[in-house]
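Comments concern the structure below.
The values are calculated or read from the model by the stated rules, or taken from the named source; none is laboratory data. The structure displayed is predicted, hence computed values, not measured ones. As a convention, Cβ positions derive from the backbone with ideal geometry for all residues, glycine included, and neighbour counts pool all protein chains shown.
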Amino acid sequence: MGVEIHDTAIIGKNVELGENVSIGPYTIIYDNVVIGDNTKIEAHCEIGYPTPLAKENRLIIGKNSLIRSKTIIYTGSVIGEKLVTGHRVTIRENSKIGKWVQLGTLVDVQGDCEIGDYVRTNSNIFIGKYTIIKNFVWIFPFVVFTNDPHPPSDYWVGAVVEDYAAIGAGSIILPGVKIGKDSLVGAGSIVTKDVPEGKVVIGSPARVVGSVENIKHRETGEPVYPWRRRLHRGYPEEIVKKWKEEFRNE
Amino acid sequence: MGVEIHDTAIIGKNVELGENVSIGPYTIIYDNVVIGDNTKIEAHCEIGYPTPLAKENRLIIGKNSLIRSKTIIYTGSVIGEKLVTGHRVTIRENSKIGKWVQLGTLVDVQGDCEIGDYVRTNSNIFIGKYTIIKNFVWIFPFVVFTNDPHPPSDYWVGAVVEDYAAIGAGSIILPGVKIGKDSLVGAGSIVTKDVPEGKVVIGSPARVVGSVENIKHRETGEPVYPWRRRLHRGYPEEIVKKWKEEFRNE
Amino acid sequence: MGVEIHDTAIIGKNVELGENVSIGPYTIIYDNVVIGDNTKIEAHCEIGYPTPLAKENRLIIGKNSLIRSKTIIYTGSVIGEKLVTGHRVTIRENSKIGKWVQLGTLVDVQGDCEIGDYVRTNSNIFIGKYTIIKNFVWIFPFVVFTNDPHPPSDYWVGAVVEDYAAIGAGSIILPGVKIGKDSLVGAGSIVTKDVPEGKVVIGSPARVVGSVENIKHRETGEPVYPWRRRLHRGYPEEIVKKWKEEFRNE
């Protein structure tokens, strides 16, 4: 039940490793890092990267996490259990990340962000400072969250994404935009205005084109949104049970 | 004629290295990897990265390849001769990649893809699972191939790109779209419908604006497409000979 | 006042390190590299990466620079003092980069580029070969500079960005386009034509929608452009003084 640290890993001061933690080759753990039980840090990572911008000089990563190779996580953040990263993820300082979050390859969390529970992203997302992403959100590749209404400036306004929203590939979210619960942003949209709950937006600039309830599955013709009525893979049983109840009368 | 393995490289079990293979500093070769003659793997790479998603726990990389530094290639793929990658490329499991393929810096092949022969890409392309890219295709930076018509779902439909097509920078290809032979997708297009053979599409959403034959060179006024009538650099002699024959009556 | 080279760093031949230079763990300095005083090269970098495409087989990095971890810089470039890179930056051969330049995480400078003084970029910019970026330019995340009017070809025409221009997130700049002084490109624009001095463009394709002077701050209602009338953080005192003089009669 001990930890497994590769000979070539470099471990800083004041590092607390839980049971069964493993640290891969050529990985650097900087000072003041706390890593929960059963978490695996792969090769070529940097964990607890120091920065004067961190409000607190400590990084906490929850238990049962998998940090894939070449990932960099700054000090000053708190991350819940069961984080899974792709390769080459960057997470900067002062971020609060919930539990069961999955971040794809090359995702770039710029710091001072809030990411809720059960959020899943695909590759190469840019999450600008002060972005707030709530629970069960899905984000597809190459989505960019901006935060500066008068670029360049020091006046930053993060976007807010409500529960269960899904944001299609290559979309750009303008500063301070609110993306409503259960909504769907089509691929390649430039989102300049708030997206109402349960609506579909698309285009440059993005416009409302309908409600998610009206989208039918290409093959089966069945309703596909809100997506939790049909996509249950990888979520905890008690949550899936609630979702099934929510849609049982259909 | 021996192999050259840097002192700091880590080599797994059941690794077969051809003649003149070289392995750079801080690179990790995982188990069950076969690397062809004269192939160079540079620094900070991970080759044969293990995953339970691999249908076969083996990675084959062809001879005369150049894997630039910080590249990650998963187990479960078969790659032909003369692969050239840029830095930080990721190739996931169960992909079939032909010969003489060039993948630019930061290209992210998500797995279960097919890439033909002589395909060339620029930097930072996202190739979603189940994408099929045929031969002699060119893909420019920041192109995204999506695969989920009802995001998020488990129902994936890859795009198909036919021979000699060229896809401009920053374009997004929607799930299941077919991009015809010899066609041209303008930069920044959102491609929602099939692109007919030899046509030019552009815009958000992309629309047909003409035929490639009608495009003249900015300076010379000569026809420029299909591109193989004029661009021969780096292709094998016998192929260039065929191309010259195809257009010799003009 | 000596240099500090981590035990695991690999240093090539003919490397000149200034006073107080530090080289991080697992970093490789290739041959013929000159690094100015007080410059810090972090972990997992490759500096002076060799290429036959370099016109001169030497790399010069100015003093007081910070090269963040996992950055790759090719031989053949000359970089002024006070360069700051994010993580995983790539700078290829034959580039001239001025002083006080900041390049965000994952920025990809393709080589044969010119970047002036005091240029600042955010994450994940693609700067195609032969792009010219003048002084005090700001570039936001996921901007792509293309260079090939007839893709694929060997006929490359770089874009030119004049002083003080700001280019919004996710914009794509077409080959040879000139972006005028003090202009503003809105997020997600596809810039197909020259942008006149002091104008705002937006859309796909981008069109002029007004002059920067008419943009008021969301909260204060004050004019916000040219941005140097209000944003002074991090620039040298003598420059800020000139800017204040320029706008003192308002």
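Structural remarks
- Condition check for C:VAL195: surrounded by 19 or more Cβ atoms within 10 Å (Cβ to Cβ) and within 10 Å of chain A (Cβ to nearest Cβ): no
- Considering residues of the range C:134-151 that are touching a helix residue (DSSP H, G or I) at 6+ places or on another chain (Cβ under 8 Å) and either more than 18 Å from B:TYR164 (Cα to Cα) or basic (Lys, Arg) (or both) only, the residue farthest from the other protein chains (Cβ to nearest Cβ): C:PHE136
- Per-region count, the range C:121-137, residues crowded, with 24+ Cβ neighbours inside 10 Å and part of a strand (DSSP E or B): 4
- Single residue of the range A:224-250 satisfying the filter (outside any loop (DSSP other than H, G, I, E, B) and in contact (Cβ under 8 Å) with a residue 24 or more places away in the chain) that is surrounded by the fewest Cβ atoms within 10 Å (Cβ to Cβ): A:ILE239
- Total residues in the range C:15-27, condition of a type outside the set (Gly, Ala, Ser) and over 21 Å from B:GLU42 (Cα atoms): 5
- Of the residues making up the range B:51-58, at least one is within 14 Å of another protein chain (Cβ to nearest Cβ) and touching a residue at least 12 places away in the same chain (Cβ under 8 Å).
- Positions within the range A:78-88 being over 14 Å from A:LYS63 (Cα atoms) and in contact with a Gly (Cβ under 8 Å, 6 or more places away or on another chain), in sequence order: A:GLY86
- Members of the range B:1-24 found to be farther than 17 Å from B:LEU66 by Cβ, among the aliphatic types (A, V, I, L, M) and part of a strand (DSSP E or B), listed by number: B:ILE10, B:ILE11
- The lone exception for C:ILE10 - which of (1) closer than 17 Å to A:GLU46 by Cβ; (2) among the β-branched types (Val, Ile, Thr); (3) over 25 Å from the mean Cα position of the chain (by Cα) it fails: (1)
- Checked against (1) touching a Gly at 6+ places or on another chain (Cβ under 8 Å); (2) of a type in the set (S, T, N, Q); (3) at pLDDT below 95, A:SER189 passes all but condition (3).
- From the options C:ASP154, C:ASP148, C:ASP163, residue that is out of contact with any strand residue (DSSP E or B) (no Cβ under 7 Å at 6 or more places or on another chain), in contact (Cβ under 8 Å) with a residue 40 or more places away in the chain and either farther than 19 Å from C:GLY98 by Cα or among the charged types (D, E, K, R) (or both): C:ASP163
- Flag for A:ASP154 being surrounded by fewer than 24 Cβ atoms within 10 Å (Cβ to Cβ), farther than 18 Å from A:ILE179 by Cα and within 14 Å of chain C (Cβ to nearest Cβ): yes
- Of all residues in the range A:200-237, those that are of a type outside the set (Val, Ile, Thr) and under 22 Å from the mean Cα position of the chain (by Cα) total 13.
- Scanning the range C:77-94 for residues that are crowded, with 24+ Cβ neighbours inside 10 Å, under 16 Å from C:LYS129 (Cα atoms) and more than 14 Å from chain B (Cβ to nearest Cβ) turns up just one, C:SER77.
- Some residue of the range C:171-179 being in contact with a helix residue (DSSP H, G or I) (Cβ under 7 Å, 6 or more places away or on another chain), modelled with pLDDT of 95 or more and surrounded by 17 or more Cβ atoms within 10 Å (Cβ to Cβ): no
- Among strands (runs of 3 or more DSSP E) entirely within the range B:25-120, having at least 1 residues that are over 22 Å from B:TYR235 (Cβ atoms) and charged (D, E, K, R) singles out B:46-49.
- Test: residue in the range C:210-223 that is within 18 Å of C:ILE125 (Cβ to Cβ), touching a Gly at 6+ places or on another chain (Cβ under 8 Å) and in a strand (DSSP E or B): no
- The set of residues in the range A:162-178 that are away from chain B (no Cβ under 14 Å) and aliphatic (A, V, I, L, M) comprises A:ILE173, A:LEU174, A:VAL177.
- Filter pass, B:VAL157 being of a type in the set (A, V, I, L, M, F, W, C) and part of a strand (DSSP E or B): no
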